[in-house]
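What follows is a set of notes on a single structure, which appears directly below.
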Amino acid sequence: MMNDVENEVEEQQAEDGSVNRVPELKQLSEDIDKATNTFINATLELESAIQQYQRAEAQLGGAVTTTGKKVDTINQHIDKVMENAPTKLKVSVNVNDADWQKIQELFVHSISQPLARRTGFPYSQIKDRDTPHVSLYTQTY
C-alpha cells in the first residue's frame, strides 16, 4: 500500500511538473514556429535574389556580346580605312617664301655639318657652296 501511495504521489508530482511546464513548452513551440517562418522567408528571399542575379548575369552576357560585336565592326572599319589611307590621304601645306627659305637653310645646315665632318672640308666652304642639288624632298601622302 505504501508503494501505491508513493507511486501515486510521484505521478501527481510528475503531472504537476508537466502542468507547470506547459507555459514554457508553449513558448518554446511558438519560438520554434517563429524560427521556422524566419528560415522559410529567408530561403524564399535568397531564391529570389539568386533568380534576379541570374537574370542580370544573362543581360550582362548579352550586353558583352553586343559590345564585342560592335568593337569588331569598328576594328574592321578601321582596318579598311588604314588599308585605303595611303591612296586616299592627301596633305598639302602652304608655306610663305620667307619660311620656305628658312626651312631650306635649316635643311642645308643639317646636312652640311655632318658632311663637313665626314669629308674634312670646312663647314663654311660646304655651307656657302652653290648646292642646287640639295633641296628638301617633298611628297604627297
Query raised in the report: Between Q59, M82, A49, whose Cα lies farthest towards the positive end of the dipole of the stretch 49-91 when Lys and Arg beta carbons carry +1 and Asp and Glu beta carbons carry -1, centred on the Cα centre?
Result: M82
Query raised in the report: Fully extended, how many nm does the chain gain between R21 and Y53 (0.36 nm per residue separation, minus their Cα-Cα distance)?
Result: 6.8 nm
Query raised in the report: Given R₀ = 30 Å, FRET efficiency for I103-I74 by Cβ-Cβ distance, to 0.05?
Result: 0.20
Report task. Note down the nm distance, to one decimal, between modelled labels 7 Å out along Cα→Cβ at N94 and at E8. Result -> 13.1
Report summary line: Charge dipole of the stretch 1-109 built from unit charges on the beta carbon (Lys, Arg +1; Asp, Glu -1), centred at mean Cα; most positive-end Cα among F107, Q12, P23 is F107
Query raised in the report: What does the accessible area per residue of the stretch 1-115 come to in Å², with a 1.4 Å probe and no ligands, DNA or RNA counted?
Result: 90
Requested in this report: Pop out the carbon and sulfur fraction of the accessible area of the stretch 66-107 as a percent, whole number, probe 1.4 Å.
Outcome: 58
Report summary line: Row for the stretch 14-114, column shape: gyration tensor on C-alpha, a ≥ b ≥ c, rounded if a/c < 1.5 i.e. under 1.5, prolate if a/b over b/c, else oblate; value prolate
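The values are calculated or read from the model by the stated rules, or taken from the named source; none is laboratory data. Source: prediction; values computed, not measured. Virtual Cβ from ideal backbone geometry, glycine too; neighbours counted across all protein chains shown. The area values use the complete protein model at the heavy-atom level, side chains included, leaving out ligands, DNA and RNA. Shrake-Rupley method; radii C 1.70, N 1.55, O 1.52, S 1.80 Å.
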